[in-house]
C-alpha cells in the first residue's frame with residue numbers, strides 16, 4: 001500500500017486533483033485488486049485532507065510574502081487609500 005500511495009501522491013499531485021478524479025483513479029486500482037475498497041476510501045480521504053492542508057499552507061505563505069512586500073515597498077493598502085479619500089473629502093468640505 002505505501003508504494004502505491006507514494007506513487008499516486010507523486011504522479012497525480014494530490015493538491016491539484018479534484019476528489020472526483022482521484023476517486024476514479026483509486027477505484028480503478030481497487031477494481032484491479034491493487035487496493036481494497038477500504039484502502040481506496042481511506043486513501044482518498046487522506047489525499048483530500050492533505051491537499052486541503054497544503055492549500056492552506058500555500059495561502060498562508062502567500063499572505064506572508066504579500067505582507068513583506070507591502071512593508072518593503074511603497075504600496076498602499078485599500079484601507080490606506082480609503083482613509084486618504086475620506087480625509088480629502090473632509091478637507092474639501094471645510095474649504096467650501
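The values are calculated or read from the model by the stated rules, or taken from the named source; none is laboratory data. In this text, all values refer to a predicted model and were calculated from it rather than measured experimentally. Positions of Cβ are backbone-derived with ideal geometry, glycine not excepted, and every protein chain shown enters the neighbour counts.
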Complete set of residues in the range 57-72 that are surrounded by 11 or more Cβ atoms within 10 Å (Cβ to Cβ) and either at pLDDT 80 or above or within 30 Å of residue 25 (Cα to Cα) (or both): 57, 58
Which numbered condition residue 84 misses (of (1) out of contact with any helix residue (DSSP H, G or I) (no Cβ under 9 Å at 6 or more places or on another chain); (2) loosely packed, with under 11 Cβ neighbours inside 10 Å): (2)
All positions within the range 25-44 that are part of a helix (DSSP H, G or I), modelled with pLDDT of 80 or more and either in contact with a strand residue (DSSP E or B) (Cβ under 7 Å, 6 or more places away or on another chain) or surrounded by fewer than 12 Cβ atoms within 10 Å (Cβ to Cβ) (or both): 31, 38
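Take residue 84 and decide whether it is within 21 Å of the chain's Cα centre (by Cα), part of a helix (DSSP H, G or I), at pLDDT 80 or above and over 30 Å from residue 29 (Cβ atoms).
no
Does residue 54 satisfy being in a helix (DSSP H, G or I), within 28 Å of the chain's Cα centre (by Cα), at pLDDT below 85 and surrounded by fewer than 10 Cβ atoms within 10 Å (Cβ to Cβ)?
Considered against the rule, which asks whether it is in a helix (DSSP H, G or I), within 28 Å of the chain's Cα centre (by Cα), at pLDDT below 85 and surrounded by fewer than 10 Cβ atoms within 10 Å (Cβ to Cβ), residue 54 comes out as no.
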Conditions (1) assigned to a loop (DSSP other than H, G, I, E, B); (2) at pLDDT 80 or above; number of the one not met by residue 75: (2)
